[in-house]
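This report refers to the structure that appears directly beneath it.
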Amino acid sequence: MNVKNNRLNQETDEKIIRTVYAMMTQQHRPIGKITVREICEGAGVHRSTFYAHYQDVYDLVEKVEQNMSRQLTESFFRKLDENAPARDCFAEIFAFIREHREFYLYYLTESRQYGILQLTWETIRDRAAAANADPRSFGADTQEEMAYHGIFFLSGMTAMVRLWLQNGCREEPTALYDLLRRQAAVQEAMTGW
């Protein structure tokens, strides 16, 4: 494919994505209520063009999710690769989420339970596994125990981000990380009686 056609392909893809994004975030339309016909009319493309890019609306949303997850993970790892402290790495995640708050608010309330944060968590987990990270370095005795802690962390972080978004992202990303860090003490107080 030549560069001109590739650029046109990307522009068409972006028009389709922007149209669906607007329907989801500005019109507050559930994914299941968005039709291919409406997308094509809004983006100014033919149905055959839509189907050349996506199987259906859910496929489109999944690809957007994967793209957002990739960007979120890249920003996290960029900080990590700079040997930034954990606070800066997590603040990077929260800043990215705040920057794309309309998408995340919609996605975490209307779509999957974990979604993008799960994809990001899986990438982080896989990177730790590839580095042969000892589960004990994370406070777990075994990989199985690490899986339990991972899902607990993911669930809690997802719920925390959802609440933060619903409250208008009032706290700064670094303050959200500090809240996350204090969670261990709260958990100990709640379960240590």
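Quick note: the coordinates plus some simple rules give every number you see, no bench work behind them. Predicted model only: the values in this text are computed from it and were never measured. A quick note on method: Cβ atoms are made from the backbone with ideal geometry, for glycine too, and the neighbour counts reach across all protein chains shown.
When you scan the range 14-63, how many residues do you find that are among the polar types (S, T, N, Q) and within 19 Å of Glu102 (Cα to Cα)? Here the count works out to 4. Listed by first and then second residue, the pairs with beta-carbon distance under 9 Å, at least 6 apart or on different chains, first residue in the range 149-164 and in contact (Cβ under 8 Å) with a residue 12 or more places away in the chain and assigned to a helix (DSSP H, G or I), second among the hydroxyl-bearing types (Ser, Thr, Tyr) and loosely packed, with under 15 Cβ neighbours inside 10 Å, are Arg162/Thr109. Look at (1) under 30 Å from Thr19 (Cβ atoms); (2) surrounded by 17 or more Cβ atoms within 10 Å (Cβ to Cβ) and you find that Arg70 fails only one, number (2).
So which residues in the range 144-178 are exposed (fewer than 13 other Cβ atoms within 10 Å of the Cβ), of a type in the set (S, T, N, Q) and over 12 Å from Leu108 (Cβ atoms), if there are any at all? Passing the criteria: only Asn167. Within the range 36-50, how many residues are surrounded by 15 or more Cβ atoms within 10 Å (Cβ to Cβ) and farther than 11 Å from Lys15 by Cα? Residues in the range 36-50 being surrounded by 15 or more Cβ atoms within 10 Å (Cβ to Cβ) and farther than 11 Å from Lys15 by Cα: 3 in total.
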